[in-house]
Structure formats: C-alpha cells, structure tokens
1. Out of the residues in the range B:263-283 that are more than 21 Å from B:Cys341 (Cα to Cα), acidic (Asp, Glu) and surrounded by 20 or more Cβ atoms within 10 Å (Cβ to Cβ), state the one that is farthest from the other protein chains (Cβ to nearest Cβ).
2. Scan the range B:62-112 for residues that are touching an Asp or Glu at 6+ places or on another chain (Cβ under 7 Å) and on the phi > 0 side of the Ramachandran plot and jot them down.
3. Looking at this structure, is A:Arg143 over 30 Å from B:Asp283 (Cβ atoms) and of a type in the set (Lys, Arg)?
4. Is one or more of the residues making up the range B:476-486 crowded, with 21+ Cβ neighbours inside 10 Å, outside any helix (DSSP H, G or I), of a type outside the set (D, E, K, R) and at pLDDT 95 or above?
5. Considering (1) in a strand (DSSP E or B); (2) in contact with a helix residue (DSSP H, G or I) (Cβ under 8 Å, 6 or more places away or on another chain); (3) closer than 27 Å to B:Asn337 by Cβ, say which one B:Ala239 fails and leave the rest.
6. Inside the range A:121-151, can you point out the residues that are in a strand (DSSP E or B) and surrounded by fewer than 15 Cβ atoms within 10 Å (Cβ to Cβ)?
7. Quick one: B:Ile260 ticks every box in (1) out of contact with any Ser or Thr (no Cβ under 7 Å at 6 or more places or on another chain); (2) more than 13 Å from chain A (Cβ to nearest Cβ); (3) assigned to a loop (DSSP other than H, G, I, E, B) except a single one, so which number is it?
Amino acid sequence: MSPIRTAASTDAAGQARPRPARSPHPRSLLFAVAGLLVTAPALAQLGQLAQPAPTDRIVVRLDSGLRSASHTIADTGVFPANLEQGRFRTDYDLKDGRVVDGGASFLLWRNLAIGLDVSNYRSIHDAQIHSELPHPFFFDAPRASTAQVAGLERRDLGIHIRALWMSQVAGWLVVSVSAGPSVITARQDLVSAVQHTEVGFPFDEIVFAGQTVSAESETTAGLNAGIDIDSFFLHRLPFLRNVEVLRHVGLGLLVRYVRATAVLQSAGEPIELDLGGVQITSGVRFRF
Amino acid sequence: MHELSRFTIGTLLLALVTVPTSATAQPPVPNGVLRLSAGSGSALTALRDADALVNQLTRDESLRLVRQEGDPLVPGREHERLQQFHDGVLVFGAEVTRQTSQGLPVSVFGTVHRGIDVDTTPTLSADDAARIVEGLSGRTIFPTAAPKLVVLPDRDAESVYRLVYEARAFSGAQLMVYFVDAASGALVWSYNDLKTQQPALPCSRCVIGEGLGVKSDRKKMSVTTVGGAFLAQDQLRPAQIFTFDMRGDLDHTELVLSGIAQLFDADLSTDTDNRWLDGASVDAHVGMGWTYDYLYKRFGRQSLNDQNVRLLSLVHPVNRADVFSVPDEVIGLYFLNAFYCGLCGPDGVGVAVFGEGLPPNVLVGGQQFDFFAGALDIVAHELAHGVTDFTSALLYMDESGALNEAFSDVIGVGAEFYAESLFRGGAGVPDYTLGEDVIEPGGIRSLANPLQFGDPDHYSLRFLGEADNGGVHTNSLIPGHAFFLAIEGGTNRVSGLRVAGVGAANRGQIEQVFYRAFTVLMTSNADFAAARTATIQSALDLYGANSPAARAVTQAWTAVGVN
C-alpha cells in the first residue's frame with residue numbers, strides 16, 4: 001500500500017477543503033489573562049514612573065513552563081485498494097506542552113535592549129484514525145474502522161529575536177516589554193499510512209492493524225511579543241544578605257505570545273499547523 | 001400431476017386413535033399412499049399421531065434418517081429428513097420431513113407408502129441396466145451415477161410398485177432419468193431432469209479484477225492469478241467458484257457435462273491484464289458470487305449444499321456464429337436458454353450453463369437474446385436448482401416440478417432485489433420479471449403479472465398437458481405469483497381476492513418463509529397444496545400466528561386458488 005496523503009477537512013456538504021489548523025482554545029486566553037494580571041501592577045507602576053533604565057547591561061534567562069497549544073488538526077489520506085480509493089482521516093488532539101526557554105538580552109541604549117531566546121516546546125498527544133477500506137466484491141461499499149493512536153510527538157524549536165524596553169521599576173524589579181521576529185522549526189508526527197486485516201468472508205468487517213507514522217517538519221518565520229518580570233531580591237533576604245553573588249541572581253516570569261504558521265509538506269496536500277499561542281515560563285535570571 | 005389415490009391423514013389418525021398402541025402392538029395402517037401434512041395449523045392430535053406414525057415407521061426401519069440439521073432461522077428448531085426404504089431399497093419419492101422443538105413435534109410433511117409388496121432381488125445386474133440406459137440415451141452414462149435400485153410407485157395405478165434401476169444420462173440436450181425394470185429390462189418411466197431457464201430451451205493468489213458485464217456495467221471480480229495470467233476462480237468466498245469458457249466448442253461442452261472430459265485451469269475464463277472484457281464470463285462469475293452472498297446473508301446458507309460445495313458454470317458453450325447451422329434442440333438449449341445440470345460435471349456435483357444468446361440482428365418472437373449470464377436473476381435461478389437438489393429434491397415434473405421452478409424464480413428475484421440495492425448503487429431496477437436484462441424487450445416470466453407471458457395466475461388456469469414435464473415452467477407462476485402477492489399485495493385477477501402483502505420493506509420475511517418451506521419442510525413430490533401448508537407453517541414458525549407474514553402467505557395462496 002502506497003498511500004497518498006492530503007490535508008483536508010470535510011465541510012458539511014462533504015466537500016474537501018484546506019483546513020485551517022487553528023481552533024481557538026480557552027486555555028490560550030486563560031494564559032494571556034493570567035499574564036496580564038501578573039504584570040498589571042508593574043505596568044501601572046511603569047506608567048507612573050519615569051521609566052529608569054536598569055544599570056546592568058546583560059541579563060541571561062533560563063526558564064521552564066507551559067505553552068498553550070491545545071487544538072485539533074485533521075489530516076486525510078487516500079490509498080488504492082480493491083480497485084477503489086481507500087481513505088483515512090486522522091484527527092490530532094494537540095495538547096499544551098512543556099517549554100524550556102532560555103536566552104540573553106543586552107542593554108544597548110538607555111532602556112532599549114536586544115535579546116535572543118531559544119525555546120523548545122514538546123508535547124505528546126493522541127489521534128483518532130477513521131478509515132474506510134473498499135470492499136473486495138462491491139463498488140461503493142467501504143468498510144469502516146476507527147482506531148486510537150497514542151504517543152504522537154509535536155515539537156517546536158523556536159529562535160526569538162527581541163527588542164526590549166526595560167524599566168527598572170524598583171531597585172530589585174525590572175519589567176520589560178518585548179517584540180520581534182521568530183524563526184520556528186515545527187516537527188509533527190503524522191499518520192502517513194494505515195494497515196488493516198481482513199476478517200474474511202463476507203468481508204463486511206475489517207480490523208485496524210496499525211499505522212505508519214512519519215515525522216514531518218517545516219521551518220517558518222513569525223512574530224513574538226512578551227513581558228518579562230525579573231526580580232532580584234534574593235540578596236535582600238535576611239538570611240542571604242551577606243551573599244554578594246546573589247546581587248546578580250534573580251527569579252523571573254516571562255509571558256510570551258507567538259504567532260506563526262507552518263505548512264507541513266506531506267506527500268499530499270500541505271497541512272497548515274498553527275505554531276502560535278501563549279507561553280508562560282519562569283526561572284532564574286543572571287544580570288551583569 | 002397425476003392424482004394418486006390418497007388417504008387423508010384424518011383417516012389414518014382415526015385408525016391410530018381407535019386402536020391402542022403399545023410397544024408390541026402396532027396400529028393398523030391402511031395400505032397405499034399416505035400424505036402427511038400436519039403443522040401448527042393442524043389439530044394437535046393430528047400432529048401427535050403423525051409424529052407417532054413417523055416414530056413407528058422409523059422403528060420398523062421403513063424410514064431412515066438421512067439428514068438432521070438445526071434451523072438457522074428459528075433457534076431451537078431441529079429438522080429431520082427421513083427417506084422410506086423397503087427391504088433396504090429406497091422407495092422413490094417417499095420421504096418425510098419432521099420439525100421439532102425441544103424434542104416435541106412442530107410439523108410433519110411428506111409421503112409414505114404402506115403395504116409395498118415387491119421382491120427386492122433384481123434379475124438384472126447394475127451393469128446390465130447401464131447398458132440398457134446407454135442404448136436408450138445413446139450416451140455413456142455418468143461414471144458418477146451408476147444405476148441404483150429403487151422401488152418405484154406406479155404413477156397411475158394405486159398400490160402397484162416395481163423394482164427398477166434408476167440411472168441418469170446426459171444426451172446433449174436433456175438430462176434424462178431412466179427407470180428400467182430390474183427384472184425385464186423394460187423402460188418403465190423416464191423424464192428430463194435438466195432444469196432449464198425456460199421451456200425447451202484469503203489466499204495468496206487471490207486478486208480483485210475489474211470486469212465489464214454484458215451490459216457494460218463495472219463489476220469487481222474475485223479471481224486467481226497464476227503465472228501472470230488471471231483466471232476466473234474465486235477463492236475468497238468459502239465455496240470456490242469457477243467459471244469456465246468453453247470457447248464455443250459444443251462437443252467439448254457436452255463431454256464435460258457428461259463427466260467424460262475433465263476441466264483444467266486452461267479451460268477457465270482468463271484475462272491477461274485483469275481488466276475483463278468478456279461480459280458473459282464477468283457476469284457468470286460475479287453473479288455466482290453474488291448469489292452465494294445472497295444465500296449466505298439472507299438465509300445463512302453456505303452454497304448449494306450448505307457445506308460450501310463449489311459453484312461451477314460454463315459460458316460460451318457454443319459459438320453465436322453457428323446458430324444458423326446447428327439443430328433446433330441445440331439452439332433451444334445452448335443459445336436460447338440457461339440450465340442447471342444437477343449431476344453433471346467432472347465431479348458430478350452440478351454445473352450451471354449459460355446460453356450464448358443470438359447475434360444482435362437476430363430476433364426470436366420480437367426479442368433479442370443476449371448472453372444469459374448477463375442477468376443476475378437467471379444466474380441465481382439456475383443455482384437455486386442446485387439448492388433444491390440438495391434439499392427437497394423436488395421432482396422435476398408436474399406440480400413438484402413447477403414448485404422447483406418457482407423456488408428458483410423466488411431466489412432469482414430475491415437475489416436481484418438484494419443485489420441491486422447493495423451492489424449496483426441503484427443503477428439497475430430490480431423487479432419481478434425474469435431475464436429482462438438479457439431478453440429484450442420484456443424478459444421471459446413475470447411473477448407480478450404472469451399473464452403478460454401467457455402463464456397462469458390462478459390454479460384454475462394451470463396447464464394440464466404433458467409438455468414441458470407437465471408445465472413446470474408455466475405452472476411455476478402460480479406459486480410465483482403467490483410469492484409476489486405476499487410481498488407486494490394486490491388483487492388476484494381471476495379470484496378477485498385481495499392480499500395484504502407485507503410490503504417491499506419486509507420482503508425478506510416472505511423470502512425466508514419460502515426458503516425455509518422449500519428447503520427443510522417440503523419433500524420431493526410435494527404439490528401446490530403441500531407448498532401452501534409448508535409455507536404457512538414456515539411463516540408461523542418464523543413470525544408467529546398473527547403476523548403479517550403468516551396472513552399474507554395464507555391470503556396469497558388462497559388468492560391464486562391453492563387451498
């Protein structure tokens with residue numbers, strides 16, 4: 001069996017059409033709202049103050065967190081069988097995943113800095129496969145099967161260039177807003193073929209026997225925007241007051257929104273894959 | 001059918017009831033022919049006493065159990081088929097079917113003979129009889145059908161029996177069954193057992209091919225690939241299905257039917273690229289497969305014998321171009337007919353032969369005749385004769401012969417309705433007309449309107465002559481019309497009686513009622529009255545006493561004058 005895959009979904013009239021990969025998910029909004037709530041006091045203070053520039057020129061971050069990526073995509077494929085075309089449709093249930101994110105920023109002039117981040121997102125998800133296999137004896141009498149496949153991987157490796165406006169809100173608190181381009185390499189496990197076992201006469205039923213999964217990848221450009229809240233208060237804690245090196249170590253929170261779309265070139269029609277979403281990470285900060 | 005003197009079951013039962021029975025004292029049973037017909041609609045005592053009679057005859061070894069099977073349509077029911085013997089010799093046409101539920105009788109049908117007085121020691125040997133039959137037929141008799149001794153009831157005289165040899169011989173246009181007196185060698189009786197379409201006339205090498213049928217319709221074919229070629233051998237179904245192309249060689253065809261010539265892979269219909277263009281081969285092969293599917297899915301039956309016996313057909317038995325140079329009997333059989341030959345073929349298990357039709361510019365009676373395999377109802381009709389051979393073995397003459405034909409029409413029509421909706425995507429139009437796809441315009445028989453082709457639609461109009469084995473084809477429309485009325489409803493033209501049919505959506509009910517009656521309840525010499533009783537019994541068993549099916553079947557038989 002040599003399947004030819006196409007990316008399409010079926011509308012109410014049964015017509016195949018290119019499918020937008022994105023389906024809005026409440027969790028994305030939740031992340032965004034949460035980020036705004038966290039940063040709102042700092043922003044308010046930022047507006048009231050004269051936005052003093054930070055004194056340290058370099059900040060290095062190392063974060064981990066979550067990225068909202070929960071949505072579904074669909075992929076269809078066809079393959080020749082019993083003088084007709086067999087079909088399968090795979091519904092991928094993409095889930096939120098863990099993100100490891102790190103980077104550095106360099107203060108160029110007054111409050112303006114430039115930064116470069118690298119993020120790696122990974123999630124494991126399930127998919128539902130709906131197949132139709134033509135009958136060996138009759139035209140237009142396909143047999144249907146449904147199967148669940150687990151352990152499919154989605155991975156995005158992103159490089160984010162950021163222009164930051166950094167504000168020393170307090171002696172221990174730096175709030176930054178940033179935006180810039182991103183380059184993201186998306187990798188998605190896709191079902192590229194299905195296998196069935198014939199039960200035998202009268203050939204009214206088939207048993208789903210397995211699937212072939214191939215990893216498709218594509219690199220694309222996008223945009224990112226975010227807010228960093230970096231706090232350097234450790235050395236102010238009473239029991240750490242004498243640890244000088246902690247003046248350069250802090251904790252921070254990054255809320256970043258990315259907008260990007262990758263088009264995975266499979267054997268058939270391309271699949272649009274939404275790489276966007278909100279990610280919230282936190283971790284350590286080093287300033288020099 | 002010649003009327004045999006008969007004792008009613010009531011008379012018999014009266015005798016049984018009035019004389020105390022015991023293990024040692026047998027009831028006085030009158031001599032002669034006893035026709036048993038007791039079921040759910042009969043008096044309980046009648047059923048009990050018929051059952052007791054069967055038990056008694058079984059103890060006497062007059063009746064021997066030849067088949068016992070469960071009922072695929074009514075769980076818990078068992079069916080026995082018992083054959084009568086006299087001093088160890090089979091009595092022709094004498095058998096009984098008994099239906100039981102948890103050991104209790106539900107119905108008893110059949111015919112037994114009492115008071116047989118004939119010596120069962122033959123004067124002639126079987127070889128002597130074979131030579132006599134060869135002389136009568138002009139053909140070598142089947143190697144698989146050597147003459148066998150039977151006791152033959154006289155067809156005209158009551159209580160007269162003869163010890164005879166029964167033998168079959170295919171004469172080229174007829175499958176004759178001869179009964180030769182075992183003492184004198186005289187021919188006692190013979191009849192043509194060729195079931196014709198109309199009067200006088202998961203394996204490693206399995207692949208799916210695409211074929212164009214006689215009507216240029218696309219079909220999938222289950223075939224076998226050997227050495228790069230594709231052969232019309234279906235190994236995907238539990239019963240293997242073979243379609244052989246005789247390539248217009250009539251001599252070879254007749255030798256094959258006679259069992260003299262073997263068939264080889266080289267004789268199978270073949271194609272080089274698996275895109276089959278020989279419509280006759282395509283439709284014969286596909287039609288047999290679809291008929292197998294229909295029998296399996298509708299009735300749970302596995303091929304003709306319910307044990308997945310192979311299906312075999314011959315196409316192109318003659319060359320169309322020879323139609324102007326061959327005898328009329330060859331035209332009638334191999335050009336303008338299709339037939340099922342029950343004991344024919346290399347293994348003697350039966351062969352369906354589909355006629356070649358006529359050149360397009362040749363009309364007979366204003367009709368064009370295309371390859372007969374192109375009509376699914378004809379293919380299914382012929383194979384249904386095989387089902388009958390393996391079940392009720394309805395004698396192919398008079399009313400039992402008409403029932404034989406009627407059952408084949410029922411299966412033919414049923415297969416067409418079943419297949420049209422499932423397999424052709426509505427491209428065809430199923431109907432109650434036989435052969436309309438290849439005999440145009442019109443077809444050859446109509447269950448809906450028998451009079452359209454001059455056939456009787458009421459028992460009072462039945463054919464009583466001797467032609468066509470006693471009118472097996474034309475009289476088949478009486479039960480056939482009853483089948484139609486039971487499904488579609490309507491008013492019989494002659495009786496004016498109205499039938500409330502079950503409706504087309506429930507056609508499967510009536511198909512099952514008839515199938516069950518014809519395959520497990522009826523015996524070989526059943527007449528129309530027995531068919532009525534058996535089908536009503538079948539409807540009662542399957543759907544209950546007050547069911548629309550039972551009502552429809554009862555009304556339908558009454559409407560066509562069979563009571």
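1. Per the criteria, the residue is B:Asp278.
2. Across the range B:62-112, the qualifying residue is only B:Gly110.
3. no
4. Within the range B:476-486 (the criterion being crowded, with 21+ Cβ neighbours inside 10 Å, outside any helix (DSSP H, G or I), of a type outside the set (D, E, K, R) and at pLDDT 95 or above), the answer is yes, since at least one residue qualifies.
5. Tallying (1) in a strand (DSSP E or B); (2) in contact with a helix residue (DSSP H, G or I) (Cβ under 8 Å, 6 or more places away or on another chain); (3) closer than 27 Å to B:Asn337 by Cβ, B:Ala239 fails exactly one: (1).
6. Scanning the range A:121-151 gives A:Ile124, A:Asp126, A:Ala144, A:Thr146, A:Gln148, A:Ala150, A:Gly151.
7. So the condition that B:Ile260 fails would be (1).
Listed here are the residues, each with its yes/no results for (1) touching a His at 6+ places or on another chain (Cβ under 9 Å); (2) buried (at least 22 other Cβ atoms within 10 Å of the Cβ); (3) not in a loop (DSSP other than H, G, I, E, B).
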position: A:Val191; (1), (2), (3): no, yes, yes
position: A:Gly200; (1), (2), (3): no, no, no
position: A:Gln211; (1), (2), (3): no, no, yes
position: A:Ala215; (1), (2), (3): no, no, yes
position: A:Thr220; (1), (2), (3): no, no, yes
position: A:Val258; (1), (2), (3): yes, yes, yes
position: A:Leu273; (1), (2), (3): no, yes, yes
position: A:Val278; (1), (2), (3): no, yes, yes
position: A:Phe286; (1), (2), (3): yes, no, yes
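The values are calculated or read from the model by the stated rules, or taken from the named source; none is laboratory data. Fair warning: this is a prediction, and the values are worked out from it, not measured in the lab. Here the Cβ is made from the backbone with ideal geometry for all residues, glycine too, and neighbour counts use every protein chain on show. For accessibility, only protein heavy atoms count, side chains too; no ligands or nucleic acids. Shrake-Rupley method; radii C 1.70, N 1.55, O 1.52, S 1.80 Å.
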